Amino acid sequence: MNIFVTRKIPQIGLDMLSRKGYKVDMGDFKVPPTKKDLVKYINKSAKKGIKYDALLTLLTDPVDGELLDIIGPQLKIVSNYAVGYNNINCEDAKKRGVVITNTPGGFSDCIAEHTVAMILGLTTRLSEADRFVRAGKYKGWDPMILIGTDISKKTIGILGAGKIGERVAMHLGKGFGMDVIYYDVKRNEVLENDYGAVYYDTPEQVIQKADFVSLHVPLLPSTTHLMNSERFAMMKQGAYLINTARGPVVEEKALVEALKSKKIAGAGLDVFEFEPKVSKELMKMDNVILTPHIASARESARNEMATLAAQNIIDTFEGRVAVGCVNV
Ligand code: DGY
């Protein structure tokens, strides 16, 4: 079996594949490859007689029917090294009998913790304070500088109540005494029974009531621009937005307007609408925390993702339904 791993992932996953006797080729792209780059690599391999049975992709690799056809009918699986798989056209894959898998579960806590870090960072004005000190502006204790905001007894509104939303509810509800409200297309008993979260049956109700809105939905046509100018207008005056999900869930232009007009007090963003491009306006704002899509960047999480991505391939090759299978 031949496997094309598009970019370097932790060795633990690669070793699992090699131990099975599979041949693993790894792309040496320094930045996310375009479809053209992937096609070039695949065609070069084909010239050497290598046809791929599996593709192990990252969340930035565009996979559609055209690419699948170029790889050929022997392709059995595209194993995405991410929980989100909006980079893959699942319908195209299904039509061609190609299994698509993701890596759910393992790193929900890292992403939830990153969400908490963003909320605490914004409300304690942590990065702003750090910049203040480094700029030599600290001239002695002053009771009036860098006043923050409390979070205890405030309301966290979670949009998207999968595993990550669940952990956010746990950390902020149990740990920080916040009231938790949420919306999802389906109710989550763990959130309600274990963390006392209150369910609302529209996202608007959550957006209107929350002091902090945190996004944990997958990127789908129905969630693209979930946060648009209408929904920003519905937010509480002085509320905060956190996005650790996918950039296009937020209409960035509308977010910039909501921040400029002081409708909202701040935002924490780990993902961007036009990633890796970041809006110049957002970069100038002190009440915004920007991180480069690193919410799951922990050794433990990365290793777990590599293990799961490899296991998904092994299971598929050995005729089992892979645990991360998303399109059958
Ligand atoms: C994912 O796996 O989808 C995350 O965005 C990685 O941080």
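The values are calculated or read from the model by the stated rules, or taken from the named source; none is laboratory data. Given the structure is predicted, the values throughout are model-derived calculations rather than measurements. A quick note on method: Cβ atoms are made from the backbone with ideal geometry, for glycine too, and the neighbour counts reach across all protein chains shown.
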Pairs please, first residue from segment 240-255 and under 23 Å from Thr123 (Cβ atoms), second anywhere and part of a strand (DSSP E or B) and within 14 Å of the ligand (Cβ to nearest atom), Cβ atoms under 6 Å, 6+ apart in sequence or on different chains.
Asn243/Leu215; Asn243/Leu269; Ala245/Leu215; Val249/Leu215; Val250/Asn243
Please work out which one of (1) on the phi > 0 side of the Ramachandran plot; (2) part of a helix (DSSP H, G or I); (3) of a type outside the set (Asp, Glu) is the condition Gly49 fails and give its number.
(2)
Can you confirm whether Ala245 is in a loop (DSSP other than H, G, I, E, B) and among the small types (Gly, Ala, Ser)?
yes
Does Thr291 count as over 18 Å from the mean Cα position of the chain (by Cα) and closer than 30 Å to Gly13 by Cα?
no
Against the condition more than 16 Å from the ligand (Cβ to nearest atom), part of a strand (DSSP E or B) and among the small types (Gly, Ala, Ser), how does Gly157 come out, does it pass?
yes
What's the number of the condition Pro248 fails, among (1) more than 16 Å from the ligand (Cβ to nearest atom); (2) surrounded by 15 or more Cβ atoms within 10 Å (Cβ to Cβ)?
(1)
Out of the residues in segment 264-319 that are closer than 30 Å to Ser18 by Cα and assigned to a loop (DSSP other than H, G, I, E, B), state the one that is nearest to the ligand (Cβ to nearest atom).
Ser296
Among residues of segment 235-245 being surrounded by 16 or more Cβ atoms within 10 Å (Cβ to Cβ) and more than 15 Å from the ligand (Cβ to nearest atom), the residue nearest to Asn87 (Cα to Cα) is Leu241
Can you report the number of residues in segment 199-233 which are surrounded by fewer than 17 Cβ atoms within 10 Å (Cβ to Cβ) and among the aliphatic types (A, V, I, L, M)?
2
Please tell me if Thr316 is touching an Asp or Glu at 6+ places or on another chain (Cβ under 6 Å) and more than 16 Å from Leu159 (Cβ to Cβ).
no
When segment 1-59 is examined, which residues are found to be polar (S, T, N, Q) and surrounded by 15 or more Cβ atoms within 10 Å (Cβ to Cβ)?
Asn2, Thr6, Ser45, Thr57
Specify which of the listed residues (Val78, Val39, Val31) is over 24 Å from Thr224 (Cβ atoms) and either assigned to a loop (DSSP other than H, G, I, E, B) or within 25 Å of the chain's Cα centre (by Cα) (or both).
Val31
Take segment 304-325 and flag every residue that is surrounded by fewer than 19 Cβ atoms within 10 Å (Cβ to Cβ) and either at positive phi or within 17 Å of the chain's Cα centre (by Cα) (or both).
Gly319
Hey, Ile151 modelled with pLDDT of 95 or more, in the same structural domain as Phe274 (by TED's automatic domain parsing), in a loop (DSSP other than H, G, I, E, B) and surrounded by 14 or more Cβ atoms within 10 Å (Cβ to Cβ) or not:
yes
